[in-house]
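The values are calculated or read from the model by the stated rules, or taken from the named source; none is laboratory data. For clarity, every value in this text was computed on a predicted model and none was experimentally measured. Positions of Cβ are generated from backbone atoms using ideal geometry, with glycine treated the same way; all protein chains shown enter the neighbour counts. Remember, those area values only see protein heavy atoms, side chains included, never the ligands or the DNA or RNA. Shrake-Rupley method; radii C 1.70, N 1.55, O 1.52, S 1.80 Å.
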Amino acid sequence: MNYTVVLPAAGSGKRMKANKNKLLLELFDKPIFLYTLEVFQQDPACEAIWLAVKEEERQIIDQYVTKYKITKVHGYADGGMERQDSVRACLEAIPPCGVVLVHDAARPFISQDVITRLVETAKACGAAIAAVPVKDTIKKADNGIITETVDRNALWMVQTPQAFTYDLILKAAKAAVEDGFLGTDEAMLVERLNHPVQIVESTYENVKMTTPEDLIYGKAILESQIQ
Ligand code: C5P
C-alpha cells in the first residue's frame, strides 16, 4: 500500500541547547534529518515526501536533499509557530492521496516494519499511531506529593509515525483550526472527531532527538547498525 509522508522539520534547537535547528546537527557524517529522509527514500511504498521547513532554512535543506539524492521530495511547506501548524501546512499542500504518514523529522531510527504495519492499519481503520509500552512506574503528584500511582498496563508512550487516511486527517486538522484546538500529536485531532485510533507497537529505538543525551544514544544506535 503506497503512502505520502509529511515530515515536520521546522523546529528549533532549544531543548537540544543548540543555537540552530537541531535537525541540522550531525550524527557522524550527516545531519539528523537526512537519516530520516533516507528511510523513506528507500521504502518502495513511499510515493512522495513533503517537508515543512522554515523559510530561511529551505535552501540549505534543499541542498542536502539534492546532494544525497532524495528524489522523492515533492515539495516544501512553510513551517509554522507550532508543530501542528507545520503539519497542517504540509497537509494542505499535498495532492489528495490514500494514506498520509506524519513523522517527526527528528526521529531518524524508525523501522521499515513499523511503517508498513502503520500504513496497513490506517488503510483498514483510518488512523494508526506508533507507540511503545511505558517502562517506568508513573505517578501523579500535587506540589511534589504523590496523589496516585497510575496503572501502567494501560499506558503507552506515543511516537510518530502516525498514519491516517487523507480525508480523515485533513478534516481533523481543519476542525482543530476552526475550534482553536492545539494538540501535541495528530491523533489528538482525530480523537476529537470520535474516530478510533489504533496503536501499532513500535520500537524503543524510535527515539526523538530532543535533548543532548539523545545524540549519544543516536550515535550508539547507528554504531550498532554498522556492526
Ligand atoms: O520540538 P520537537 O522535537 O518536539 O518537534 C518535533 C518535530 O516537529 C521536529 O521534527 C521539529 O522540527 C518539528 N517542528 C516543526 N514546526 C514547529 C515545531 C517543531 O516542524 N513549529
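For region 210-218, indicate whether the set of residues that are open to solvent by less than 60 Å² (accessible area, probe 1.4 Å), away from the ligand (no atom under 16 Å from the Cβ), touching a residue at least 40 places away in the same chain (Cβ under 8 Å) and of a type in the set (A, V, I, L, M) is non-empty. Scanning region 210-218, I find no residue that is open to solvent by less than 60 Å² (accessible area, probe 1.4 Å), away from the ligand (no atom under 16 Å from the Cβ), touching a residue at least 40 places away in the same chain (Cβ under 8 Å) and of a type in the set (A, V, I, L, M), so the answer is no. Of the residues examined, Val177 is one that is loosely packed, with under 15 Cβ neighbours inside 10 Å and part of a helix (DSSP H, G or I). Selection of region 13-46 for residues being over 19 Å from Ile216 (Cα atoms) and either out of contact with any Lys or Arg (no Cβ under 9 Å at 6 or more places or on another chain) or surrounded by fewer than 23 Cβ atoms within 10 Å (Cβ to Cβ) (or both) yields Glu38, Val39, Gln41, Gln42, Asp43, Pro44, Ala45, Cys46.
Considering (1) buried (at least 21 other Cβ atoms within 10 Å of the Cβ); (2) under 25 Å from Pro133 (Cβ atoms), the lone condition that Glu201 does not fulfil carries the number (1). Only one entry in Gly79, Gly98 is open to solvent by 10 Å² or more (accessible area, probe 1.4 Å) and either more than 13 Å from the ligand (Cβ to nearest atom) or without any contact (Cβ under 8 Å) to a residue 12 or more places away in the chain (or both), namely Gly98. Mind checking which residues of region 106-117 are within 12 Å of the ligand (Cβ to nearest atom) and either in contact with a Lys or Arg (Cβ under 9 Å, 6 or more places away or on another chain) or within 23 Å of Lys171 (Cα to Cα) (or both)? Passing the criteria: Ala106, Arg107. For region 47-70, the criterion of being away from the ligand (no atom under 15 Å from the Cβ), open to solvent by 30 Å² or more (accessible area, probe 1.4 Å) and hydroxyl-bearing (Ser, Thr, Tyr) is met by at least one residue.
Answer yes or no as to whether Gly144 is surrounded by 14 or more Cβ atoms within 10 Å (Cβ to Cβ) and either modelled with pLDDT under 95 or more than 15 Å from Thr121 (Cβ to Cβ) (or both). No; evaluated as a whole, the condition is false for this residue. Being out of contact with any Pro (no Cβ under 8 Å at 6 or more places or on another chain), part of a helix (DSSP H, G or I), surrounded by 13 or more Cβ atoms within 10 Å (Cβ to Cβ) and touching a residue at least 60 places away in the same chain (Cβ under 8 Å) is not true of Ala172. Taking region 7-47 as the range and being touching a residue at least 12 places away in the same chain (Cβ under 8 Å), of a type in the set (Lys, Arg) and outside any helix (DSSP H, G or I) as the test, the residues that pass are Arg15, Lys17, Lys30. Being open to solvent by 20 Å² or more (accessible area, probe 1.4 Å), farther than 29 Å from Glu178 by Cβ and of a type in the set (Asp, Glu) is the requirement here; does Asp113 meet it? For Asp113, the condition - open to solvent by 20 Å² or more (accessible area, probe 1.4 Å), farther than 29 Å from Glu178 by Cβ and of a type in the set (Asp, Glu) - is met.
Got a sec? Which helices (runs of 4 or more DSSP H) wholly within region 58-160 have at least 3 residues that are under 19 Å from Pro31 (Cβ atoms) and either basic (Lys, Arg) or out of contact with any Leu (no Cβ under 6 Å at 6 or more places or on another chain) (or both)? Reasoning before the result, please.
Numbers: elements: 58-67, 83-93, 112-125.
Ranges flagged: 58-67.
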